[in-house]
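Read the figures in this text as sums done on the coordinates, not as results from a lab. Only a predicted model underlies this, so the values are computations on that prediction, with no experimental measurement involved. As a convention, Cβ positions derive from the backbone with ideal geometry for all residues, glycine included, and neighbour counts pool all protein chains shown.
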Amino acid sequence: MTQTTDSETSLKEKSLKEVKEELRKEMQHKRKRAHTAYLQSDSAQSSLCDNFTAVLERLELERLGPASDDLPLCAGYFPMHSEIDPRPLMQIYEQRYGNVDCHSCLLPIVLGKQEPLLFRRYDGNESMLEDGAFATKHPPETSGVAEPSLLLVPLLAFDEKCKRLGYGGGFYDRTIAALREREREKHNRVFTLGIAYEAQLVARVPSERHDLALDAILTEQRIYDGA
């Protein structure tokens, strides 16, 4: 009997871990196909940037407020494999909020398997990036450490409630939980924005208590708002 990888599979028949792993394998193939199509479509790339700009305009009204000495920072990521590339979005953010004295973007660093991510300032110079864990790249130690107001999050699958399926390491779940806990004291909650291809949408992402929903998810076709 052929096993299904549908995220609606009954947990009575399979453990949640098995369901997640099967969905990850399925979505890796789907994302790879979507990645190839995306790279061949100028309109899709332009639409993703337009949707990102719309998110920023909404955040300026609802969250970021007027410009101040505390520059709102955006943490992106250096794309791996078939991840959607956030660098054009980071360039838009830098042009909007950065200046010659203070860059507005950050990149994450993996400190350890059970640790949340650390963020260092990124000036856009890729030649200065260092190799990190799990084939990641990050700024050198000479770059300043900071925390983001906007966190761009890669993923394998998502649903309309903005639940996210990651790679299984839990890095972003731990990071988001830590940022939200610290931001409660500042009354300035970090906004989490998943970046994905529309093809990564599934009916329901299997989740556990520690799996946190994102505030919104951005694709080349639309913006999904979390509950």
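Overview of results
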read-out: Rg [Å, one decimal], Dmax [Å, integer] - the chain, C-alpha atoms; value: 17.5, 62
read-out: Magnitude of the charge dipole, the chain, Cβ model with Lys/Arg +1 and Asp/Glu -1, debye to 20; value: 660 debye
read-out: Cα lying deepest toward the dipole's positive end in region 34-169, options Leu117, Gly144, Ser46, charges on Cβ; value: Leu117
read-out: Among Leu156, Leu214, Leu39: highest mean-square fluctuation, GNM of the chain, C-alpha pairs under 10 Å; value: Leu39
read-out: Note, ³J(HN,Hα) from phi for region 114-124, Karplus 6.51, -1.76, 1.60, rounded to Hz, x at Gly and Pro; value: 10, 9, x, 6, 10, 10, 10, 5, 10, 9, x
read-out: The chain, helix-only ellipticity at 222 nm - DSSP H runs n ≥ 4, -39,500 (n - 2.57), divided by all residues, nearest 500; value: -10000 deg cm²/dmol
read-out: Cα shape, region 78-123, gyration tensor, a/c 1.5 rule; value: oblate
read-out: DSSP-loop GluC sites (Glu not before Pro) across region 121-220, with at most 10 other Cβ within 10 angstrom; value: Glu141, Glu208
read-out: Sequence-distant aspartates and glutamates (8 or more away, or on other chains) whose Cα lies within less than 12 Å of Lys14; value: Asp6, Glu22
read-out: Links that overshoot a 25 Å alpha carbon limit, given the list Lys20/Lys113; Lys30/Lys163; Lys32/Lys161; Lys137/Lys161; value: Lys137/Lys161
read-out: Tail beyond 25 Å, pair distance distribution of region 79-214 (Cα, percent); value: 27 percent
